[in-house]
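The structure appears right after this line, and notes come after that.
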There are 2 protein chains.
Amino acid sequence: MKCRVCGAQANIRLPQYNSALCAGDFIAFFEKRVSGTITKYGLLSEQDRALVAVSGGKDSLSLWHLLDRLGFSADGIYIDLGIKEYSHISLVKTRQMADRLHRRLYSFSFSEAFSKGVKELARMMKRPPCSLCGTIKRYVMNRACTDYGYSVLATGHNLDDEASALLGNMLHWKEEYLWKKGVVLEAERGLAKKVKPFFLCSEKEAAAYALLNNIDYIYDECPYSLGAKTLLYKSLLNRVEDVSPATKIAFLKGYLKRAKAEGSRGQEQEEKGSCSVCGYPSYGEQCNFCRLMTKFGSGPAVRFDVYVPSEP
Amino acid sequence: MKCRVCGAQANIRLPQYNSALCAGDFIAFFEKRVSGTITKYGLLSEQDRALVAVSGGKDSLSLWHLLDRLGFSADGIYIDLGIKEYSHISLVKTRQMADRLHRRLYSFSFSEAFSKGVKELARMMKRPPCSLCGTIKRYVMNRACTDYGYSVLATGHNLDDEASALLGNMLHWKEEYLWKKGVVLEAERGLAKKVKPFFLCSEKEAAAYALLNNIDYIYDECPYSLGAKTLLYKSLLNRVEDVSPATKIAFLKGYLKRAKAEGSRGQEQEEKGSCSVCGYPSYGEQCNFCRLMTKFGSGPAVRFDVYVPSEP
């Protein structure tokens, strides 16, 4: 198997592009591809100050590294979920990347804010941990953007994440979520612009990029995220991909085309009022996050730790 | 495992309904369910003369048997594809059912009409056999309805057939087919009404109904229909169903709701002209079938054999 670009021994097979590349050419290819997505969908401009949502996993650390390589000024935001060993290791990996890039890392400690971990709080509220975690992450990451003046929040969601979530929404026709996926959600009413530069890049590509760039990431998934369904949908789509390479990309691209015609989040935000505590859009008198804080929070404010690496 | 109705030993597990039934109660349940679909979607009325598309397989023979049991007057139409052993066995099974129900069976012989089998003709035309077969079946079955005065064509498509085809259309966003599936297609411009009474019944249910009614059907699938993708999609959906029973039904019901808003075949038929040979709707000067007959047909007319069983 030869590299399609230079003819040397190839390291990475890319059946979805009917191609194979050596390490160096794969890195160049991947960076060009993400850069292409950024340009095509208008995700980031030179004027933007971006905050990358980092978990310590391959996707988010690769994204942070890649945005830096492309010359975008991007700091990191990390949510410490208080899941003992898992949270400890992921914070270490995240800090390593902050040091490597000489970039700021904001962190929000779940345990500090609520005096308990996500699992305990979820149990008290009779909500699945992933659902509670989602509410809190969305709020806190957005809050970090507005508090510290970042114009864009970038997340590491990849092709496999998006395709499997989309498949789940379709099988159950969750119309309320179905048409809301996208590479970009524009800023609106106190909500920062959100972008997914890896939307069209597979999990395997993101992992290869991390490995080839010596990015030390946490291999384990969050222990609460191992929902049978998400993993099942990913494995089913991988089986289709084996038989018909590039199906996942076609699935998402076709979806994007269709979703465009179905409208964006604009409508939904217009229907919402404002939270009486923080002022963000909310259906109720208080938004979900402020209700949580009022009931379970250990203090009135959302507090971030800021880790500033030493200059190079 | 006890029968949910009578408490006797259950023979059939139905996880999608969170139920299990004995043989007798399963038959009653299945017939009631199909009868409910017929009423709910307006598939058949007592005034209708129905023609059942029979292949000799479990779905179509069960359907013919069941429509008879429900008191609908239904004859059969069989297409002999000229696939040696397979076609021979399926015709035998089909005739057995015609004898059992004392119903007419119309048959159209592919080899007689074209002096060759479907595989050979497909090779000459450089088309996949399934695509050619589809064109011919659709035309000929409809033609039998209009030639012999049947108001409705009923096919044995089941939940698994429909869900897997839908999944394939969605993964590749085949918008031209995507919103055209349905339990019923109303009659229009020379096209008979088409109905799928098993639309919400699984393959396993149809097989159980056949077995419990001593219906002797051909077990083999058509040798050309074993496309990797259709089987793959079916097996993937079965894996989802194992984890989340009733997903397939939810998938199709949600789809039907959505498709209703997307319009029906009416629009498309309006855009078509009429075939200069047979008068049916056609985009070209001749419809696909008449072009085939003009080029490869051994005679000018579509000819049916009519098998009339002896009176009981």
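Less than 5 angstrom separates the built amide H of residue B:52 from those of B:75, B:76, B:77, B:154, all sequence-distant by 5 or more or on a different chain. Computed from backbone phi, the HN-Hα couplings of the range A:144-153 come to 4, 4, 6, 5, 10, x, 9, 8, 9, 9 Hz, rounded to whole numbers (Karplus: 6.51 cos²θ - 1.76 cosθ + 1.60, θ = phi - 60°; Gly and Pro given as x).
Explain nothing, just the number: relative contact order of the range B:29-307, from Cα pairs under 8 Å at least 6 residues apart, as a whole percent.
Rounded, it is 23 percent for the range B:29-307.
Per residue of A:167-173, what is the mean number of Cβ atoms on other protein chains within 10 angstrom of that residue's Cβ? Walk me through the numbers on the way to the answer.
On the way: counts 5, 3, 0, 8, 14, 5, 9.
Taking all residues of A:167-173 together, the mean is 6.
Just to verify a number: FRET efficiency for residue A:221 and residue A:32, C-beta to C-beta distance, R0 = 35 Å, to 0.05? E(calc), rounded to 0.05, equals 0.75. Distance between the C-alpha centres of the range B:1-41 and the range A:45-81: 55 Å, rounded to the whole angstrom. By the helix-only formula, in which each DSSP H run with n ≥ 4 contributes -39500 (n - 2.57) and the sum is divided by residues, chain B has a 222 nm mean residue ellipticity of -15500 deg cm²/dmol.
For residue A:306 and residue A:135, the FRET efficiency from 1/(1 + (r/R0)^6), where r spans their Cβ atoms and R0 equals 25 Å, is about 0.60.
With N set to the number of residues, divide the alpha-carbon radius of gyration of the protein assembly as shown by 2.2 N^0.38 Å and report two decimals.
Working: Rg = 29.8 Å, N = 624, 2.2 N^0.38 = 25.4 Å.
In units of the 2.2 N^0.38 Å rule of thumb, it is 1.17.
Of all chain A C-beta atoms, the nearest to the rotation axis linking A with B is recorded, alongside its rounded Å distance, as A:236, 2.
Of the two radii for chain A, the radius of gyration is 0.96 times the Kirkwood radius, both from the alpha carbons; that is the Rg over Rh value.
Do any GluC sites (Glu not before Pro) in the range A:134-204 lie in a loop, going by DSSP, with at most 13 other beta-carbon atoms within 10 Å of their beta carbon, and if so which? Show your work: numbers first, answer last.
Values: sites: A:162, A:175, A:176, A:186, A:188, A:203; in loops: A:186.
Loop-located and lightly packed - none at all.
In order along the range A:187-195, the phi-based Karplus estimate (6.51 cos²θ - 1.76 cosθ + 1.60, θ = phi - 60°) of 3J(HN,Hα) comes to 5, 6, 6, x, 9, 5, 4, 10, 9 Hz; Gly and Pro are listed as x.
Taking θ as phi - 60° and the Karplus parameters 6.51, -1.76 and 1.60, the scalar couplings of the range B:167-179 work out to 4, x, 5, 6, 4, 10, 6, 7, 4, 5, 10, 3, 9 Hz in sequence order, x denoting glycine and proline.
Electrostatic tally near residue A:94: other residues with Cβ closer than 13 Å to its Cβ, Lys and Arg +1, Asp and Glu -1, net 0. Lys and Arg at +1, Asp and Glu at -1: add these up for the other residues within a Cβ distance under 13 Å of residue B:248 and post the number. Net of charged neighbours comes to -3.
Database remark: amide H of residue A:173 closer than 5 angstrom to no amide H (H placed geometrically; neighbours at sequence offset of 5 or more, or on other chains; Pro and chain starts carry no H). What is the local net charge at residue B:285, summed over the other residues whose Cβ is closer than 13 Å to its Cβ (Lys, Arg +1; Asp, Glu -1)? Net of charged neighbours comes to +2.
Efficiency by 1/(1 + (r/R0)^6): what FRET value for residue A:260 and residue B:235, r their Cβ-Cβ distance, R0 = 22 Å, to the nearest 0.05?
Working: r = 33 Å, r/R0 = 1.48.
That gives a FRET efficiency of 0.10.
A simple packing score, the average count of other Cβ atoms within 10 Å per residue, orders the peptides A:250-260, A:291-301 as A:250-260, A:291-301, with the highest score first.
Every number in this text was worked out from the coordinates using simple rules, so none of it is lab data. Since this is a predicted model, take the numbers as computed values, not measurements. Note that we place each Cβ from the backbone using ideal geometry, even for glycine, and neighbour counts take in every protein chain shown.
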